[in-house]
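A.B. asks: Please find one structure pasted underneath; my questions will follow.
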2 protein chains.
Amino acid sequence: MKKYKAFTSIEAISFARTVPNLFLQDAILTSEEIDTGNSNVVFRIKDNDTGNSILFKQALPNVNVVDEPLQIPVEHTRIENDALSIQANYCPDLVPNVLYVDNDLSITVMGDYNDKIMMRTGLMSGGQYPLFPDHISTFLANTHFFTSDLGMNQQKKKKLQQSFVNPERCKITEELTFENPYYDAPENNIEAGLREAAQRIWKNTSLQYEVALLREGFLTHTQALLHGNLHTGNIFVTEETTKVIAPEFAFFGPIGFDIGAVFAHLLLNAAGQSHWSKTAEECVYAQEHIFAMIIEIWCGFEQQFRNLWNTRGVDRLSKTPGYQNDFMQRLLKDTFGYTGCNMLRHVIGMSEVADLETITNAKKRINAKHRALHTAEQLILHHRKATSIVDLILFARSAMGTTVNI
Amino acid sequence: MKKYKAFTSIEAISFARTVPNLFLQDAILTSEEIDTGNSNVVFRIKDNDTGNSILFKQALPNVNVVDEPLQIPVEHTRIENDALSIQANYCPDLVPNVLYVDNDLSITVMGDYNDKIMMRTGLMSGGQYPLFPDHISTFLANTHFFTSDLGMNQQKKKKLQQSFVNPERCKITEELTFENPYYDAPENNIEAGLREAAQRIWKNTSLQYEVALLREGFLTHTQALLHGNLHTGNIFVTEETTKVIAPEFAFFGPIGFDIGAVFAHLLLNAAGQSHWSKTAEECVYAQEHIFAMIIEIWCGFEQQFRNLWNTRGVDRLSKTPGYQNDFMQRLLKDTFGYTGCNMLRHVIGMSEVADLETITNAKKRINAKHRALHTAEQLILHHRKATSIVDLILFARSAMGTTVNI
């Protein structure tokens, strides 16, 4: 096993030269660091003559967010690369094209997706992605169905599960999503205007009861291999194409957790539209556009998932009349709940999202956060009563409407 | 790694001599094989001078019950020994005393429990075990609580889970419990007098709907480390003592699956009491004695589990008012369902139990099987409506009563 070391930009170029069939031997290569947060470094390495470029990604030792000793991230890269490879089996066009992997050094070399922008940034500047609902529902339905007991022999699934337990990354998610926001944790970043709302949440035992149920599902319901961190910062888009990146938090968990992540970040963007839109009409239009997208994603997901179940299902008993409907209803309820939990952690928690945080006008920013928080609370509180995706929109529209103030 | 080979009785003695502090160097040892089915061999090795004895257990290569290639059972022994060691942390008196382990050779040397008899045999001959409810509920409450997210740090639990995925053994359980009994599988042993009842079950989609839900829980609900095969053949008893043996099927699954296994085998015995009891009165008395034992086990389990939750719980959110009650109610429903599934597989399936199979009078045997089957069906069909353990007894009493015919 090679010894891990963090590569510099120059070392990344030297490494890329050793990978067969990547660049011509005498190519003049330049390297540019891309900002991706603090758990990875990504260099774009480019042959300026041909314009060809690749991404060199290396995981960094764990940052000490949850009292863990610094660890070499070999295991996370292995998980990310294995998850990418499984996802590529089912939706090759929707994930990065992995060209070379060195798990010992935590390095992944992949095709550049520089024609695309981060979906979060795109949505903030009014971008519209008409094919995104179809793409993301295809990604969700296929990766989830084929790694669940419905679409994979259960013994094979258990064996796969062994390599995706991912205790460290799950612990981070669990603390940031299901623990810290629900008490006055020192790690929470709560701006002054939200403090009272946070205190309301810390006292709301009805809400915490629902969160306890959702947390239990997150910890114990190993339905399918999830992406695990499916926010709009991990999705790159153009009007025609979509890439879902960075599944380093992949684990076997409840399917609704992944769908909920997508919905949560769309709704967080909707909550910020009072700033990102120029007029009140534009704001309502942008929000309604996002709501329509959510309905389209759910319906696309449900249709594809049911279709796979009916045509590719491996399990005899799962064809029992009524079971599929019951399963989809439970999945919808889960999706409501996890949408709410994911939204809430980004308002009362340590991970702010740009959709809200970069709103410069303090009053608008606080209002936007209240809208997000209110939506999150409604979704969590009522998740077990959900029967149709339309309910989610009704909750969101009502929660967003009551505080719109631009 | 040493190369696995199956030991003869003589080789087992030689091996035992090499284990430090087991026998005196010049002891004269004899070895006797104990019948334990076809997946292990167990020799009792005894020093006839002192009377001291130990059990030498070696796992045998997989028998080909579910289309698997023959495998050296190293992994199963490792799982069994690791599970025994975890169980011994919480209830040392209730599991075998492991003296020496060689996982490469699939050998476990343990203290002899020859003062005890197999509980199944004991019950068949009218034995009463007044301390058993307290012992088994202590075993269940402690081993489950401390390996669940309620009693163990969730990251530590996930790490532990990695070493108890147990795909092969779970596949066997899944096929024999949740698959084969629900269609005309070639592996099923169904005696002629039960064939019509089996056909009724194969057509009963309401029943299969409930089984599909329970199967999903078995496959995806990783609540706690289970024994995984907790029937009365894996429990050895005296009036004062209990040993739970052979957790080679251990895996992280739904807690109700283990409790249901205990209840199922007690109820299978109750169904056979028309033969094992001498008179109709004795039969009813024996059955009622078993029903009372089930109530005592559940209440003991519930009380201890809640007490551990309240005093040793590691999770803040799990203290949310109402959550514990909801959790226990879901656990009860699961227990009803898995009790039914476990009973049913031993009537319509490939694993007969001596409590029913050794009834020599054909009419009595068929009747006893009908009683068991009827009880199982009621428990499965109504498991999601269960609210009290008393319901289980009402179902069993009614199902047993309607067909008592001695």
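The values are calculated or read from the model by the stated rules, or taken from the named source; none is laboratory data. Note that the structure is predicted; figures quoted are calculated from it, not measured. Cβ atoms come from the backbone with ideal geometry, glycine included; neighbour counts cover every protein chain shown. The protein model used for the area step is the full one, side chains on, heavy atoms only, and it has no ligands, DNA or RNA in it. Shrake-Rupley method; radii C 1.70, N 1.55, O 1.52, S 1.80 Å.
A.B. asks: Computed on alpha carbon atoms, what radius of gyration and Dmax characterise the protein assembly as shown, expressed in Å?
C.D. replies: Cα only, the protein assembly as shown: 29.4, 97 Å (Rg, Dmax).
A.B. asks: Cα convex hull of segment B:148-222: mean projected area in nm², to one decimal?
C.D. replies: Over all viewing directions, segment B:148-222 projects a mean Cα-hull area of 6.4 nm².
A.B. asks: Quick query: amide H of A:N97 versus all other amide H atoms, modeled in the peptide plane; which residues come in under 5 Å with a sequence gap of 5 or more or a different chain?
C.D. replies: Answer set, sorted by chain and number: A:G111.
A.B. asks: Send over the semi-axes of chain B's equivalent ellipsoid, whole angstrom and largest first, taken as the square roots of 5 times the C-alpha gyration tensor eigenvalues. Before the final figure, lay out each step's value.
C.D. replies: Details: eigenvalues 218, 139, 93 Å².
Equivalent-ellipsoid dimensions as semi-axes: 33, 26, 22 Å.
A.B. asks: How much FRET efficiency would the formula 1/(1 + (r/R0)^6) give for A:V390 and B:N189, where r is the Cβ-Cβ distance and R0 is 51 Å, rounded to 0.05?
C.D. replies: On the way: r = 51 Å, r/R0 = 1.00.
The value I calculate is 0.50.
A.B. asks: What translational diffusion coefficient, to the nearest whole µm²/s, does segment A:9-111 have by Stokes-Einstein, given a Kirkwood radius computed over alpha-carbon pairs, a temperature of 25 °C and 0.890 mPa s viscosity?
C.D. replies: 168 µm²/s
A.B. asks: Name the residues whose placed amide hydrogens come within less than 5 Å of the amide hydrogen of A:I107, ignoring near sequence neighbours (fewer than 5 apart) on the same chain.
C.D. replies: Answer set, sorted by chain and number: A:D102.
A.B. asks: Using 7 Å Cα-to-Cβ label points, what is the B:A6/A:T8 separation (nm, one decimal)?
C.D. replies: Computed distance between label sites B:A6 and A:T8 equals 6.4 nm.
A.B. asks: Work out which helices of chain B, taken as complete DSSP H runs, extend at least 18 Å along their axis over the Cα atoms and score a mean Kyte-Doolittle of 1.0 or more, then list them.
C.D. replies: Working: long enough: B:74-90 (25 Å, -0.64); B:132-146 (21 Å, 0.27); B:205-220 (22 Å, 0.32); B:255-271 (24 Å, 1.55); B:280-312 (47 Å, -0.14); B:323-345 (33 Å, -0.67); B:362-382 (30 Å, -0.66); B:389-403 (22 Å, 1.23).
Sorted by number, the helices that extend far enough and score high enough are B:255-271, B:389-403.
A.B. asks: Taking the solvent-accessible surface of protein heavy atoms with a 1.4 Å probe, what is the per residue accessible area of the protein assembly as shown in Å²?
C.D. replies: Here the residues of the protein assembly as shown average 38 Å² of exposed surface.
A.B. asks: Continuing with the same structure: How big is the equivalent ellipsoid of segment B:47-204 along its three axes, where each semi-axis is √(5λ) from the Cα gyration tensor, reported in whole Å from largest to smallest?
C.D. replies: Gyration-tensor ellipsoid for segment B:47-204: 31, 23, 21 Å.
A.B. asks: Buried by at least 50 Å² relative to the chain on its own: which residues of segment A:163-177 qualify, computing accessible area with a 1.4 Å probe on protein heavy atoms?
C.D. replies: Checking the loss per residue gives A:V165, A:P167, A:K171.
A.B. asks: Given charges of +1 on the Cβ of Lys and Arg and -1 on the Cβ of Asp and Glu, with all other atoms neutral, how large is the dipole of segment B:224-326 about its Cα centre, in debye to the nearest 20?
C.D. replies: On the way: 6 positive and 11 negative charges, 85 e Å.
Dipole about the Cα centre, nearest 20: 400 debye.
A.B. asks: Another one. What is the sum of charges around B:K46, taking Lys and Arg as +1, Asp and Glu as -1, for the other residues whose C-beta is under 11 Å from the C-beta of B:K46?
C.D. replies: Computed value for this residue: -3.
A.B. asks: Considering only B:F301, B:A192, B:S274, whose Cα is most displaced toward the positive end of the charge dipole of segment B:117-399, charges sitting on Cβ of Lys, Arg (+1) and Asp, Glu (-1)?
C.D. replies: B:F301
A.B. asks: Moving on. If you take every DSSP beta bridge fully contained in segment A:9-111, what fraction is antiparallel? Give it as a percent rounded to 5.
C.D. replies: 100 percent
A.B. asks: Quick one: compute a quarter of the convex hull surface over the Cα atoms of segment A:198-281 and quote it in nm². Before the final figure, lay out each step's value.
C.D. replies: Numbers: hull surface 32.5 nm².
One quarter of the hull surface, i.e. the mean projection, equals 8.1 nm².
A.B. asks: Run the quick spin-label model on A:A362 and B:K278: label points 7 Å from Cα toward the beta carbon, then report their separation in nm to one decimal.
C.D. replies: 9.1 nm
A.B. asks: Per DSSP H run of at least 4 residues, take -39500 (n - 2.57); add these up for chain B, divide by its residues and hand me the 222 nm value, nearest 500 deg cm²/dmol.
C.D. replies: Mean residue ellipticity, 222 nm, calculated: -16500 deg cm²/dmol.
A.B. asks: Something else now. Once phi is turned into ³J(HN,Hα) by the Karplus curve 6.51 cos²θ - 1.76 cosθ + 1.60 with θ = phi - 60°, what whole-Hz value does each residue of segment B:236-247 show in order, with x for glycine and proline?
C.D. replies: For segment B:236-247, the Karplus-derived couplings read 10, 9, 10, 5, 10, 9, 9, 10, 9, 10, 6, x Hz, x marking Gly and Pro.
A.B. asks: Amide H neighbours of B:G349 under 5 Å, counting only residues 5+ apart in sequence or on other chains, H built in-plane at 1.01 Å?
C.D. replies: B:N189
A.B. asks: Please sort A:186-195, B:390-399 by packing, taking for each peptide the average over its residues of neighbouring beta carbons within 10 angstrom, highest first.
C.D. replies: Output ranking for A:186-195, B:390-399: B:390-399, A:186-195.
A.B. asks: Another one. Using the Cα centre of the protein assembly as shown as the reference point, and only Cβ charges (+1 on K/R, -1 on D/E), how large is the resulting charge dipole? Debye, rounded to the nearest 20.
C.D. replies: Here the protein assembly as shown has a charge dipole of around 1060 debye.
A.B. asks: Under the Karplus relation 6.51 cos²θ - 1.76 cosθ + 1.60, θ = phi - 60°, what is the ordered set of whole-Hz ³J(HN,Hα) values for segment A:42-57, x standing for Gly and Pro?
C.D. replies: Once rounded to whole Hz, the list reads 10, 10, 8, 10, 10, 8, 5, 5, 8, x, 5, 9, 10, 10, 10, 10.
A.B. asks: Can you grab the distance from the C-alpha centre of segment A:336-359 to the C-alpha centre of segment B:1-33, Å, no decimals?
C.D. replies: Cα centres, segment A:336-359 to segment B:1-33: 63 Å.
A.B. asks: Run the simple label-point estimate for B:H289 and B:L131 please: 7 Å along Cα→C-beta, distance reported in nm.
C.D. replies: 1.8 nm
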